Amino acid sequence: MPLLISAALLAIGLTLVNGSASNSHGSIKNLNPGHSAETTGRQPNFVFIMTDDQDLHLHSLDYMPKLQRLIGDEGTVFERHFCTIAVCCPSRVSLMTGKLAHNTNVTDVYPPYGGYPKFIAEGHNDNYLPIWLQDAGYNTYYTGKFLNAHSTSNYNNPYPKGWNGTNFLLDPSTYSYWNSTFQRNHDKPVVSDGYSTDLISRHSLDFIKEAHASDRPFFLGITPIAPHAKTAEVEGSSIPAFTDPQSGASWILDLPQLNTSEVTYMDGYYRHRLQSLQAVDDLVESVVNKLKDYGLLGNTYIFYTSDNGYHAGQHRMVPGKGCPYEEDINIPMIVRGPGVPKGRKVDFVTSHTDIAATLFDLAGIPLREDFDGIPMPLTVSEMRGAKSDPRREHVSVEYWGSNLQEGDIGRVSPTGAGVVYYNNTYKAMRVIGDSYNLFYSVWCTNEHELYDLTNDPYQMRNLINSKNRLLGRDIKKVISRLDALLLVLKSCKGSDCTLPWQVLHPNKKVTSLSEALSPKYDKFYAAQPDISFSACELGYLPGSEGPQEGYAYRRDGDWSYWA
């Protein structure tokens, strides 16, 4: 059955989930009464809509006219917004804690290194975004996918804290678009009778109704599963597929070109994804209209994004995510709200680790010292000069474990052993300035990649062994700076993640790559320990990740370990 859902199906909504035509959520109740505070009512509201695996570079946003009209035209598009780990659960935990994955230690979708049980074991259930917002006087609501491995067997062991109202999708049917399982507040799970995105839309509207009845500001998280895999079968094709020549590193380098049947399959697969987003487009319209009806729109910030991006054909890969390339890490981010410029596109760097800090800043909450990100510029005055802000020159990306292959095709072992899942552990970063646009990575195999996206936007020509010059310097001199910068970022904490050059240069005379390229620092950077791995692990095990500290430049001709 096609995923393009009729208005009649939308009417099924939440009433079928709960077997009643009444307001399914009832009156507002604080499920965690220890986390609440009085409020003046002047703080803004937040609606955070996050899809699952939505691409930017395959142009899925072009097929969402309501999103474009109601949020894009009424707000600002952040064209260089990145996730810092391109996989669902770790990315969501980073977003809700303001910390990079190496600091949350939630690095996979399932135990032992990830999933909801790991989220609990690491103590995040007592110290993350909804609890902090409740402490600041907010009502908090959430509907849709929460975290992987949040299931019918552990949903109450313990319940996720910090929410006034919830209606979660639960495993093992989280990715079933039809007949999925929802779990409301502290009620028992119920198998739904309807289309998942439409039900989430109805839950969202009911939560907005509850929020309107209160004198408190609110946060509402809306997280449909679209356009994640396991969509219904349809006919047709429209994917802008790529059958790239040999490129990449590690397991990607030796992938064969896609054959005709694989490309044909991905044509239909791409169409499935676009169809699943039509219901999300309707959800956006319903939410915006409901906020307008209640007079809430003028004091509400609406964020639209995805947990990570997606590839389908690039670098000869079958559908999936988890790689450090642009398709997987550069993701949609659109914001509308009070003071946000309308119809603007900006190209300075922002990331998911900035989200918690952004909400704090908008709500007037003092920023936490353990945030690895900083507030996103959301007004015209804040946006001026943001591109030249040294804190927005870079974003770090990391991953541990196996590559993810989705859909009904995969790279099969020539021995007939089935689909092969290669180790995909790496550290990477993007570095973007007025005169450079670079990608640099180190894989756990100790292979390196360097791409100049100004001249090679599809990351096809690895420059790591090139004899050419880059940015006016011998390319090895540039690599020595990039390696030192990544050495800081791969295990940074707090402000060191946004000001890594100050770790290398405590005198603050170097704040960007262009300044670090001065020949006076050649010996200093040549002396830095190289990033290396001693093993390809499935989780964050620092002992296998080589040197953790390097040298800090103290004065001309003198440096010492920064630890």
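Across segment 434-456, what is the total count of residues that are of a type outside the set (S, T, N, Q), farther than 18 Å from residue 480 by Cβ and in contact (Cβ under 8 Å) with a residue 12 or more places away in the chain?
Going through segment 434-456 one residue at a time, the tally reaches 4.
So which residues in segment 492-509 are in contact (Cβ under 8 Å) with a residue 24 or more places away in the chain, out of contact with any Pro (no Cβ under 9 Å at 6 or more places or on another chain) and not in a helix (DSSP H, G or I)?
Answer for segment 492-509, where residues must be in contact (Cβ under 8 Å) with a residue 24 or more places away in the chain, out of contact with any Pro (no Cβ under 9 Å at 6 or more places or on another chain) and not in a helix (DSSP H, G or I): 493, 505, 506, 507.
In segment 80-139, which helices (runs of 4 or more DSSP H) lie fully inside it and hold 3 or more residues that are within 12 Å of residue 540 (Cβ to Cβ)?
101-104
A quick yes/no check of all residues on (1) assigned to a loop (DSSP other than H, G, I, E, B); (2) more than 24 Å from residue 134 (Cβ to Cβ); (3) at pLDDT below 95:
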| residue | (1), (2), (3) |
| --- | --- |
| 183 | no, no, no |
| 188 | yes, yes, no |
| 201 | no, yes, no |
| 207 | no, no, no |
| 226 | yes, yes, no |
| 233 | yes, yes, yes |
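Taking residue 172, is it modelled with pLDDT of 95 or more and surrounded by fewer than 20 Cβ atoms within 10 Å (Cβ to Cβ)?
yes
Taking the conditions exactly as written (part of a loop (DSSP other than H, G, I, E, B), out of contact with any strand residue (DSSP E or B) (no Cβ under 7 Å at 6 or more places or on another chain) and at pLDDT 95 or above), does residue 290 satisfy them or not?
no
I'd like to know if segment 62-73 contains one or more residues that are part of a loop (DSSP other than H, G, I, E, B), of a type outside the set (A, V, I, L, M) and more than 30 Å from residue 290 (Cβ to Cβ).
no
I'd like the full set of residues that are assigned to a strand (DSSP E or B) and more than 15 Å from residue 303 (Cβ to Cβ), limited to segment 344-363.
344, 345
Considering only segment 364-422, state which residues are modelled with pLDDT of 90 or more, among the small types (Gly, Ala, Ser), buried (at least 17 other Cβ atoms within 10 Å of the Cβ) and part of a loop (DSSP other than H, G, I, E, B).
Of everything in segment 364-422, those that are modelled with pLDDT of 90 or more, among the small types (Gly, Ala, Ser), buried (at least 17 other Cβ atoms within 10 Å of the Cβ) and part of a loop (DSSP other than H, G, I, E, B) turn out to be 373, 401.
Which one is surrounded by the fewest Cβ atoms within 10 Å (Cβ to Cβ), of the residues in segment 423-481 that are within 24 Å of the chain's Cα centre (by Cα) and of a type in the set (Gly, Ala, Ser)?
The selected residue is 433.
For segment 105-119, enumerate the residues that are surrounded by fewer than 24 Cβ atoms within 10 Å (Cβ to Cβ) and free of Cβ contacts under 8 Å to residues at least 60 places away in the same chain.
109, 110, 111, 117
From the list 189, 130, 160, which one is closer than 29 Å to residue 217 by Cα and surrounded by fewer than 20 Cβ atoms within 10 Å (Cβ to Cβ)? Break it down stepwise before answering.
Details: 130 fails: surrounded by fewer than 20 Cβ atoms within 10 Å (Cβ to Cβ); 160 fails: surrounded by fewer than 20 Cβ atoms within 10 Å (Cβ to Cβ).
Of 189, 130, 160, the one residue that is closer than 29 Å to residue 217 by Cα and surrounded by fewer than 20 Cβ atoms within 10 Å (Cβ to Cβ) is 189.
If you go through segment 425-478 one residue at a time, how many are in a loop (DSSP other than H, G, I, E, B) and among the hydroxyl-bearing types (Ser, Thr, Tyr)?
Count: 6.
Quick check on residue 336: is it touching a Ser or Thr at 6+ places or on another chain (Cβ under 7 Å) and more than 29 Å from residue 103 (Cβ to Cβ)? Step through it out loud before you land on a result.
Working: touching a Ser or Thr at 6+ places or on another chain (Cβ under 7 Å): no; more than 29 Å from residue 103 (Cβ to Cβ): yes.
It is false that residue 336 is touching a Ser or Thr at 6+ places or on another chain (Cβ under 7 Å) and more than 29 Å from residue 103 (Cβ to Cβ).
Output the residues belonging to segment 235-264 that are modelled with pLDDT of 65 or more and either of a type in the set (A, V, I, L, M) or farther than 30 Å from residue 451 by Cα (or both). Break it down stepwise before answering.
Our first condition is that a residue be modelled with pLDDT of 65 or more; within segment 235-264, this holds for 244-264.
Hits for segment 235-264 are 249, 252, 253, 255, 258, 261, 263.
Out of all the residues in segment 262-310, which are surrounded by fewer than 21 Cβ atoms within 10 Å (Cβ to Cβ), among the polar types (S, T, N, Q), touching a residue at least 40 places away in the same chain (Cβ under 8 Å) and over 17 Å from residue 335 (Cβ atoms)?
275, 278, 286
Matching residues to (1) part of a loop (DSSP other than H, G, I, E, B); (2) touching a Phe, Trp or Tyr at 6+ places or on another chain (Cβ under 6 Å); (3) free of Cβ contacts under 8 Å to residues at least 24 places away in the same chain:
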| residue | (1), (2), (3) |
| --- | --- |
| 511 | yes, yes, no |
| 524 | no, yes, no |
| 530 | yes, no, no |
| 548 | yes, no, no |
| 553 | no, yes, no |
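Just the residues that are within 21 Å of the chain's Cα centre (by Cα) and either touching a residue at least 40 places away in the same chain (Cβ under 8 Å) or over 21 Å from residue 208 (Cβ atoms) (or both), please, taken from segment 163-192.
169, 170, 171, 174, 175
Among the listed residues 155, 142, identify the single one that is assigned to a loop (DSSP other than H, G, I, E, B), closer than 24 Å to residue 201 by Cα and out of contact with any helix residue (DSSP H, G or I) (no Cβ under 7 Å at 6 or more places or on another chain).
Unique residue meeting the criteria: 155.
The values are calculated or read from the model by the stated rules, or taken from the named source; none is laboratory data. All values derive from a computational prediction rather than experimental measurement. Neighbour counts run over all protein chains shown; Cβ positions are idealised from the backbone, glycine included.
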